[in-house]
Amino acid sequence: MKPMRLSDHIADQLEILINARGLKPGDRLPAERKLAEELGVSRSSVREAIQKLASRSRLTSRAGGGTYVNAPLPGWSDEAIVDPLAGLFKDNPAYRYDVLEIRHALEGAAAFHAALRATDEDKDKLRTCFDAMIALHDRENPMDEARADATFHLTIAETSHNLVLLQVMRGLFNLLQTNISQNLEKLYTLPRVFEPLSSQHRELMEAVIAGDPERARLAAHVHIDFVHNSLKSIDEDEARRARAFRPPSAKV
């Protein structure tokens, strides 16, 4: 496998950052110095990655005025992949189970290949994503935790170094983020749910770092199965309570 150039890798990270922070066309990126600190690379490497994205019309750099996000080129929009699904998902939240089925397949494969191909830099980034996700638990804004959760899973896809899989996962990012947000809202109504979820994320991270592909794939599947089964349990409890408190039909 041809090794990925550092500037290409950083360009991918910038794309992920744009999605993870919900940056829209016209929004300004953080300064190069800040990006270099966040990504753990040199400013020159960040500058080269920005130039690559600018050459694809993804970013625009203004002399002395910063770097700004552009709309994706026609035909290359990640959102175009999920827009019809997003509407369906909004109208019927039960479709989150369809999302979980797709995540089960994609993330199992991503974890397997990530364990085979993770570089030291990938492993450091995965640890950083995990720590950020744990630190954001039980804060005021649950969407920050949802974004960190989604970024953790997307980082595993990035670590797989499978460009097709990564592109598909990027396209699903917004839907995935919505899915995680709704899942968290429901899952954290369960007692002590944070402990098994964090343990599952940790096991997934450690399996990738250890370079054990079968363990990593199993960890991904166990995690998605837990989320699926927990949500099913919540939905069934809510349905039972709704039936129990349903007022009797009015007599004619």
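Return a yes/no flag: does the stretch 52-64 have any residue that is assigned to a loop (DSSP other than H, G, I, E, B) and modelled with pLDDT of 85 or more.
Filtering the stretch 52-64 for residues assigned to a loop (DSSP other than H, G, I, E, B) gives 56-58, 63-64.
Remaining after also requiring modelled with pLDDT of 85 or more: 58.
Scanning the stretch 52-64 turns up at least one residue that is assigned to a loop (DSSP other than H, G, I, E, B) and modelled with pLDDT of 85 or more.
If you take the residues of the stretch 19-45 that are aliphatic (A, V, I, L, M) and closer than 22 Å to Gly64 by Cβ, which of them is surrounded by the fewest Cβ atoms within 10 Å (Cβ to Cβ)?
Start the filter on the stretch 19-45 by keeping residues that are aliphatic (A, V, I, L, M), which leaves 20, 23, 29, 31, 35-36, 39, 41.
Those left that are additionally closer than 22 Å to Gly64 by Cβ: 23, 29, 31, 35-36.
Details: Leu23: 15, Leu29: 21, Ala31: 13, Leu35: 22, Ala36: 18.
Only one residue fits best here, namely Ala31.
Failed condition for Glu48, given (1) surrounded by 14 or more Cβ atoms within 10 Å (Cβ to Cβ); (2) at pLDDT below 90; (3) closer than 17 Å to His9 by Cβ, with all others met?
Single failed check for Glu48: (2).
Every residue in the stretch 69-105 that is outside any helix (DSSP H, G or I) and either modelled with pLDDT under 85 or among the polar types (S, T, N, Q) (or both), please. Steps first, please.
Of the residues in the stretch 69-105, the ones outside any helix (DSSP H, G or I) are 69-78, 92.
Correct list: Asn70, Ala71, Pro72, Leu73, Pro74, Gly75, Trp76, Ser77, Asp78, Asn92.
Condition check ((1) at pLDDT 70 or above; (2) part of a loop (DSSP other than H, G, I, E, B); (3) in contact with a strand residue (DSSP E or B) (Cβ under 9 Å, 6 or more places away or on another chain)) across all residues:
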| residue | (1), (2), (3) |
| --- | --- |
| Thr151 | yes, no, no |
| Val164 | yes, no, no |
| Thr178 | no, no, no |
| Gln182 | no, no, no |
| Thr189 | no, yes, no |
| Gln200 | yes, no, no |
| Glu206 | yes, no, no |
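Could you list, ordered by first residue, the pairs with Cβ atoms under 8 Å in which the first is in the stretch 31-47 and in a helix (DSSP H, G or I) and the second is surrounded by fewer than 13 Cβ atoms within 10 Å (Cβ to Cβ), at least 6 apart or interchain?
Qualifying pairs under 8 Å: Arg43/Arg33.
One residue is enough: does the stretch 106-114 have a residue meeting the conditions over 16 Å from the mean Cα position of the chain (by Cα) and modelled with pLDDT under 60? Reasoning before the result, please.
Kept after step one, since they are over 16 Å from the mean Cα position of the chain (by Cα), are these residues of the stretch 106-114: 112-113.
Filter once more, keeping what is modelled with pLDDT under 60: none.
No, there is no match, as no residue in the stretch 106-114 is over 16 Å from the mean Cα position of the chain (by Cα) and modelled with pLDDT under 60.
Working only within the stretch 194-227, note down all residues that are over 14 Å from Ala115 (Cβ atoms) and surrounded by fewer than 18 Cβ atoms within 10 Å (Cβ to Cβ).
Our first condition is that a residue be over 14 Å from Ala115 (Cβ atoms); within the stretch 194-227, this holds for 194-202, 222-227.
Scanning the stretch 194-227 gives Phe194, Glu195, Pro196, Ser198, Ser199, Arg202, Val222, Asp225, Phe226.
The values are calculated or read from the model by the stated rules, or taken from the named source; none is laboratory data. Treat the numbers as computed from the prediction; the structure is a model and nothing was measured. Quick reminder, even Gly has a Cβ in these numbers, built from the backbone with ideal geometry, and neighbours come from all protein chains shown.
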